[in-house]
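The values are calculated or read from the model by the stated rules, or taken from the named source; none is laboratory data. Since we're looking at a predicted model, the values are computed, not measured. Ideal geometry is used to build each Cβ from the backbone, glycine not excepted, and the neighbour counts take in all protein chains shown. In case anyone asks, the SASA skips ligands and DNA or RNA and just uses the protein heavy atoms, side chains included. Shrake-Rupley method; radii C 1.70, N 1.55, O 1.52, S 1.80 Å.
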Amino acid sequence: MAELMVKGVIFDLDGTLVTSSLDFALIKAQIGCDRDADLLDFVESLPSPYMREEAMSLIHQHEMQDAQHAEPIPGVLDTVSFLKSIGIPMAIVTRNYSKAAQLKLERCRLGLDYMLTREDALPKPDPQALHMVADSWSLPYQHCVYVGDYKYDIEAAQRASMHACLFAPVGLPDYAPQADIIIERFIDLPAALGLHHRARTDQFA
């Protein structure tokens, strides 16, 4: 897929770069959120600042606990190292809490220091954070790809006018057809984006 002309790669964090065992059903039950509702939207809709603060505090506790057990997903470290070696700018956009996300970066030694969390921009599927990253790189949106494992990641990429890459290591979800690119192993990402071809060309230039 060399014709994609990908010049910048943005990643989701949980379930894409690092493992996560957050039990969203449990969290929603604890704060009274409907199973089918968006968790962050529900917290925003709570009628008082105190209720919002209490709910977010509980979510933070779950996120920090999850961060203490995060491990890099197989293939991630090698892939990030390769993309770095050919000069591809990379960033992370996550709905996570900044302290938990930072702990995950440190634990997993990802070597990526450009990250936007829900405290830096509107959470996915809003495209704001993706646009902020691409603008900082001075890259057209269509030359960037967003890699994630959930439907919000695909929706955010589409709304940002970027390529949507779905990482689906354990089978294809029902929203998979919406993605532009699908990978089942993370190590296959450079080839799926046409970037292995670029590396070979550079080696013999």
Pairwise centroid distance, computed over Cα atoms, of the stretch 143-168 with the stretch 89-108, Å | 17
Under a 10 Å cutoff between Cα atoms, tell me which one of V43, V18, V147 has the largest fluctuation in the Gaussian network model of the chain.
-> V43
The local net charge around D113, scoring Lys/Arg +1 and Asp/Glu -1 for residues other than D113 whose Cβ lies under 15 Å from its Cβ, equals +2
Structure-derived Rg and Dmax of the Cα atoms in Å: which label, when the choices are (i) 29.7, 97; (ii) 17.2, 63; (iii) 17.8, 70 = (ii)
Net charge over other residues, Cβ less than 11 angstrom from the Cβ of T94 (K, R count +1; D, E count -1) | -2
With θ set to phi - 60° and the Karplus curve 6.51 cos²θ - 1.76 cosθ + 1.60, what are the ³J(HN,Hα) couplings of the stretch 5-14 in order, to the nearest whole Hz, using x for Gly and Pro?
-> 6, 6, 10, x, 10, 10, 10, 6, 9, 5
At most 10 other Cβ atoms within 10 Å and a DSSP loop assignment: could you name the GluC sites (Glu not before Pro) in the stretch 8-98 that fit?
-> none
Search the structure for amide H atoms under 5 Å from the amide H of I182, placed 1.01 Å from N in the peptide plane, and list their residues when 5 or more places away or on another chain.
-> L166
Using the Kirkwood radius over Cα pairs of the stretch 1-75, the Stokes-Einstein translational diffusion coefficient at 4 °C and 1.567 mPa s, in µm²/s and rounded to a whole number, is 89
The stretch 102-205: GluC sites (Glu not before Pro) in DSSP loop, at most 13 other beta carbons within 10 Å | E119, E184
In the chain the DSSP beta bridges are antiparallel at a rate, in percent to nearest 5, of 5
Dipole magnitude of the stretch 1-68 about its Cα centre, charges +1 at Lys/Arg Cβ and -1 at Asp/Glu Cβ only, in debye to the nearest 20?
-> 100
Gain on full stretching of the segment that runs from D36 to H143 - 0.36 nm per residue minus C-alpha separation | 35.2 nm
Amide H contacts under 5 Å for V18, restricted to residues at least 5 apart in sequence or on another chain and with H modeled in the peptide plane, are I73
The chain: longest stretch without exposed chymotrypsin sites (Phe, Trp or Tyr not before Pro) (DSSP loop, at most 16 other Cβ within 10 Å), sites themselves excluded?
-> 1-113
The set of residues whose placed amide H lies less than 5 Å from the amide H of Y97, leaving out same-chain residues fewer than 5 positions away, is none
Ignoring ligands, DNA and RNA, how do K7, K124 rank by accessible area with a 1.4 Å probe, largest first?
-> K7, K124
